[in-house]
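All remarks here apply to the structure that follows.
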Amino acid sequence: MELRQLRTFLAVADAGSISRAAERLNLTQPSLSQQIRKLEQSVGAPLFDRLRHGVALTDAGRALRPRAERIVAEADAAAAELRADVRRGVGRFAIGAIPTIAPYVLPQVVAAVQRAHPACQLEVREDLTENLVDALADERLDAAIVSTPIVHDRVRVDVVGEERLVVVAPAAGLLEDAATITLAELRALPRVSLHEMHCLGRQIEGFCSVRRVGSNVSCRATQLATVLELVGAGVGVSLAPEMASRRDTSPNRRYLRLSRGSPSREVAFATLRGRSRGAVAATAAAAVAEALAEPQGSTLDEVRPRAPLARGRQPLER
């Protein structure tokens, strides 16, 4: 006994005619008759008497009708409740982000998910790239906000935006009157370095190595927040994500772009390969893209549009 057969049975019972029921259901008469025969075989008794001008319920048909109506109504109610639960985000959704992205993107992502899916039990994790990728592969996370490149056979990576890296300098002293900085000027300044435990730290060191900016490191820190505080204290300059400039309200720091060859990084939304992207994941990914595109609030002296990189290039080594 199938739900489709019960719906067909009720349609015939209501119409009093196989031809009228077939028309209402947009089925051929042979197809509808076949479903009724299968249902009768399942029940073990005829459900309709075939009359000259239509059909009439048999005793078995009259006994089945209220039961079929109840089953169909319950199935329709369950489907409606399921759709509502999906929209509201019922259930757990665990999302991670790397530390050099989390403070600037996660609050916006959390707010967007809570607005769109109020029933979602959202779990947030901040961790290094390798740990987030392992958690995705082990299904302990549903999604992660990371920076490329990511290579793992169980992880799907969708680039949702690109972010320029900028130079952060003390507000007074080293570059007080500058709006931009050249590579030659950067090579001559003391530099505060982010530890290479972070993928951003490795990306920055790769850029500095190629551009020969690595010989004047005054100190290293394991957290981006510490790097920024050291810069504000006048220890040196550093490279930082542009999104940090949008959130930084300290009067002790200012942000500049390189006059040529600014490095950048791709920001990606990673999920488990083979899993469909649900409504919550789609909302989260859209919020990440929106946060990356957000132009307001930057403390940079100059904002110029930048053409996106072609896929496959190494953005930090051009």
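The values are calculated or read from the model by the stated rules, or taken from the named source; none is laboratory data. These figures come from a predicted structure and were not determined experimentally. Note that each Cβ is placed from the backbone with ideal geometry, even for glycine, and that neighbours are counted across all protein chains shown.
Taking the stated definitions as given, is Val146 of a type in the set (Val, Ile, Thr), in contact with a helix residue (DSSP H, G or I) (Cβ under 8 Å, 6 or more places away or on another chain), within 30 Å of Val110 (Cα to Cα) and not in a loop (DSSP other than H, G, I, E, B)? Against the criterion (of a type in the set (Val, Ile, Thr), in contact with a helix residue (DSSP H, G or I) (Cβ under 8 Å, 6 or more places away or on another chain), within 30 Å of Val110 (Cα to Cα) and not in a loop (DSSP other than H, G, I, E, B)), Val146 qualifies.
Can you pull out the residues in segment 251-291 that are assigned to a helix (DSSP H, G or I) and either of a type in the set (Gly, Ala, Ser) or surrounded by 19 or more Cβ atoms within 10 Å (Cβ to Cβ) (or both)?
Of the residues in segment 251-291, the ones assigned to a helix (DSSP H, G or I) are 279-291.
Result: Ala279, Val280, Ala281, Ala282, Thr283, Ala284, Ala285, Ala286, Ala287, Val288, Ala289, Ala291.
The one condition from (1) charged (D, E, K, R); (2) assigned by TED's automatic domain parsing to the domain that holds Asp142; (3) touching a helix residue (DSSP H, G or I) at 6+ places or on another chain (Cβ under 7 Å) that Arg273 does not meet is (3). When you go through Ala73, Ala22, Ala13 one by one, which is the residue that is over 30 Å from Glu196 (Cβ atoms) and touching a Lys or Arg at 6+ places or on another chain (Cβ under 9 Å)? Exactly one residue qualifies, and that residue is Ala13.
Condition (residue is under 25 Å from the mean Cα position of the chain (by Cα), farther than 20 Å from Leu106 by Cα and at pLDDT 90 or above) applied to segment 249-260: is it met by at least one residue? No, that holds for no residue.
Yes/no per residue for (1) buried (at least 16 other Cβ atoms within 10 Å of the Cβ); (2) of a type in the set (A, V, I, L, M); (3) touching a residue at least 24 places away in the same chain (Cβ under 8 Å):
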{"residue": "Leu106", "(1), (2), (3)": "yes, yes, yes"}
{"residue": "Pro118", "(1), (2), (3)": "no, no, yes"}
{"residue": "Glu130", "(1), (2), (3)": "no, no, no"}
{"residue": "Val133", "(1), (2), (3)": "yes, yes, yes"}
{"residue": "Arg154", "(1), (2), (3)": "no, no, yes"}
{"residue": "His198", "(1), (2), (3)": "yes, no, yes"}
{"residue": "Glu205", "(1), (2), (3)": "yes, no, no"}
{"residue": "Ala221", "(1), (2), (3)": "yes, yes, yes"}
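Per the conditions (1) part of a helix (DSSP H, G or I); (2) closer than 21 Å to Arg247 by Cβ, the sole criterion not satisfied by Val133 is (2).
Within segment 64-86, residues that are in contact (Cβ under 8 Å) with a residue 40 or more places away in the chain sit with their Cβ atoms under 7 Å from residues that are among the charged types (D, E, K, R) and surrounded by 11 or more Cβ atoms within 10 Å (Cβ to Cβ), at 6+ positions apart or across chains, in these pairs: Val72/Arg7.
Each row is one residue, and each column tells you yes or no for (1) in a loop (DSSP other than H, G, I, E, B); (2) touching a Pro at 6+ places or on another chain (Cβ under 8 Å); (3) closer than 18 Å to Arg67 by Cα; (4) of a type in the set (Asp, Glu).
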| position | (1), (2), (3), (4) |
| --- | --- |
| Thr8 | no, no, yes, no |
| Asp14 | no, no, yes, yes |
| Ala21 | no, no, no, no |
| Arg24 | no, no, no, no |
| Pro30 | no, no, no, no |
| Ser33 | no, no, no, no |
| Ile36 | no, no, yes, no |
| Leu39 | no, no, yes, no |
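Of everything in segment 2-12, what is out of contact with any Asp or Glu (no Cβ under 7 Å at 6 or more places or on another chain) and surrounded by 15 or more Cβ atoms within 10 Å (Cβ to Cβ)? Give them in sequence order. Write out each step before concluding.
First, the residues of segment 2-12 that are out of contact with any Asp or Glu (no Cβ under 7 Å at 6 or more places or on another chain): 2-9, 11-12.
Within segment 2-12, Gln5, Leu6, Arg7, Thr8, Phe9, Ala11, Val12 qualify.
Looking at Val231, Val210, Val280, just one residue is over 22 Å from Glu130 (Cα atoms) and modelled with pLDDT under 90, and that residue is Val210.
Restricting attention to segment 125-145, the residues that are among the basic types (Lys, Arg) and farther than 18 Å from Gly278 by Cβ total 1. Of all residues in segment 61-101, those that are crowded, with 18+ Cβ neighbours inside 10 Å and either assigned by TED's automatic domain parsing to the domain that holds Met243 or under 24 Å from Cys120 (Cβ atoms) (or both) total 8.
For (1) in the same structural domain as Asp76 (by TED's automatic domain parsing); (2) touching a strand residue (DSSP E or B) at 6+ places or on another chain (Cβ under 7 Å); (3) surrounded by 13 or more Cβ atoms within 10 Å (Cβ to Cβ); (4) of a type in the set (S, T, N, Q), each residue gets a yes or a no:
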site	(1), (2), (3), (4)
Asp14	yes, no, no, no
Leu32	yes, no, yes, no
Gln41	yes, no, no, yes
Pro46	yes, no, yes, no
Leu51	yes, no, no, no
Ala56	yes, yes, no, no
